[in-house]
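What follows is a set of notes on a single structure, which appears directly below.
The values are calculated or read from the model by the stated rules, or taken from the named source; none is laboratory data. Everything numeric in this text was worked out from a predicted model, so none of it was measured. Backbone-built Cβ (ideal geometry, glycine too); neighbour counts: all protein chains shown. With ligands, DNA and RNA removed, areas are computed over all heavy atoms of the protein, side chains included. Shrake-Rupley method; radii C 1.70, N 1.55, O 1.52, S 1.80 Å.
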Amino acid sequence: MEILANHGTLIIWVAAIFGFLMAIGIGANDVANAMGTSVGSKALTIKQAILIAMVFEFAGAYLAGGEVTDTIRQGVINTSLYAHDPQILVYGMMSALLAAGTWLLLASFMGWPVSTTHSIIGAIIGFACVSVGTKAIDWSSIQGIVGSWLITPFIAGIFAYFIFMSAQKLIFDTDKPMANAKRYVPVYMFLTALIICLVTIKKGLKHVGLHLTTGEALLVSVLISFVLMVIGYIYISRKYSDDEETVDSKGFAGVESVFSVLMVVTACAMAFAHGSNDVANAIGPLSAVVSTVENMGQVMAKSTIAWWILPLGGVGIVVGLATLGHKVMATIGTGITELTPSRGFAAQLATASTVVLASGTGLPISTTQTLVGAVLGVGFARGIGALNMGVVRNIVTSWVITLPAGAFLSVIFFYIIRAAFG
């Protein structure tokens, strides 16, 4: 208790630095989940992808990033066991942030797309086991989270499969694919906008004091999405106003260019969805540290997030994706399967839908696994030969290593931090 009273400000500053490092790691590694498919399908350049992600990752983190935080902070371990010795919880959360951030930066430098959720949860489990014991871990909560790691890639894969197959049936396998592209792509725009508007208006805007009922949120979302659909229809009709038969004679290149327009919309949606879900990996433990210090060692069951924590996480994500993000982006965008704008769109919309759904329920999922599941779904729609199974195996192996790596580093950093302050 004396340590928290005498060194509380220093502890918060150090924890903030570790949280910022973790956010940088999230941006550097998980930017591939938001932008890798756009770059891989050549719908966006790397510079364009980074600029779009900067805006929407930060917006998702700041506006809609608070919902998952309590699951990361409270759901993994039983924090009440630290009530008699709260500084141990503080040291543990700090070590978890530093361990997960370190692993993510290493993986990003090597171009490995790993799970930030695996990293932080493994790190929290690691310090909990050496500080209090396995009794501190909420194993039922862990089972639910692990279950989501298995279920969400499957759900995303199914979504992507049917989205891709719908595009094949409605557009590519018809007599006039260009005409049908101009007809149906705005509908896909409507669906994408509806997903992003719902999570923003219903959940995210609580942070700025706007509270709408479910019916009101749905109505506003439908109206905004309808307006975007009309704008998209007008834009596509004018840009691709050539004679349809002439355009169609070029094969599917013209149709894919229409999907490139849609990829920009889905890229924004994916970046927002990713920011809303994965910022919790950085700010959850940091919020626990700040809450415990500010309440003089009282371990709170639930507390408000300090005003500066969400922006800190958002800025860290932006810094990470602008510096190291291109390495993992290349792995996801070109390694698993050959992506075109239509295939990338199917994977992105499926991933965004799954991530937003999980974020709305407060369940922390792995966006990396969700995206890979979606890309695999697109690949299976084209046949197993379209997948680079060697790359898939390497990605899965990196997932297996991530959780124990986070736990191992967390144990080391926990003892170092405890010795430094103790």
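Nearest 10 degrees, 0 to 90: what angle lies between the long axis of helix 367-382 and the longest principal axis of the chain (Cα atoms)? So the inclination is approximately 30 degrees.
In the chain, a dipole from Cβ-located charges (positive for Lys and Arg, negative for Asp and Glu) runs towards its positive end, and of Leu349, Val187, Leu376 it is Leu376 whose Cα lies farthest in that direction.
Loop sites only, by DSSP: take the trypsin sites (Lys or Arg not before Pro) in the chain that have at most 16 other C-beta atoms within 10 Å and name the longest stretch containing none of them. The segment 43-249 is the longest one with no such site. Ligands, DNA and RNA are left out, and with a 1.4 angstrom probe the accessible area of the chain is 39 Å² per residue. Rounded to the nearest 10 degrees, the angle from helix 253-278 to the longest Cα principal axis of the chain is 20 degrees. Give, as ranges by residue number, the residues of the range 385-422 whose backbone N falls under 13 Å from the point 7 Å along Cα→Cβ of Glu2. Output list for this probe position: 422. Selection among Ala43, Thr292, Thr213 by position relative to the dipole of the chain gives Ala43 as farthest towards the positive end (Cβ unit charges, Cα centre). State the label only: which of [x] 1.01; [y] 1.24; [z] 1.09 corresponds to Cα Rg over 2.2 N^0.38 Å computed from the shown model? Answer label, from the structure shown: [x].
Among Val391, Ser80, Thr9, whose Cα lies farthest out toward the positive end of the dipole of the chain, if unit charges sit on the beta carbon of Lys, Arg (+1) and Asp, Glu (-1)? Toward the positive end, the furthest listed residue is Val391.
Quick one: putting +1 on the C-beta of Lys and Arg, -1 on the C-beta of Asp and Glu, what dipole do you get for the chain around its Cα centre, in Debye to the nearest 20?
Details: 20 positive and 19 negative charges, 32 e Å.
Dipole size: approximately 160 debye.
Taking 0.36 nm per residue of separation and subtracting the current Cα-Cα distance, fully stretching the chain between Thr323 and Met110 would add 75.3 nm.
May I ask you to list the residues of the range 18-62 whose amide nitrogen lies under 16 Å from a point 7 Å from Cα along the Cα→beta-carbon direction of Asn388? Under cut-off, by backbone N: 32-33, 36-42. Take 20-26, 91-97 and order them by the average number of nearby Cβ atoms within 10 Å per residue, most first; the result is 91-97, 20-26. Near Ala43, once Lys and Arg are set to +1 and Asp and Glu to -1 for all other residues with Cβ below 11 Å from its Cβ, the sum equals +1. On the beta carbon distance between Ala253 and Val55, with R0 = 25 Å, the FRET formula returns roughly 0.25. Per-residue extension of 0.36 nm, minus the Cα-Cα distance of Leu219 and Lys169, leaves a gain of 15.0 nm for this segment. Figure note: Met389, Met229, Met270 ranked by solvent-accessible area, largest first, 1.4 Å probe, ligands and nucleic acids not counted: Met389, Met229, Met270.
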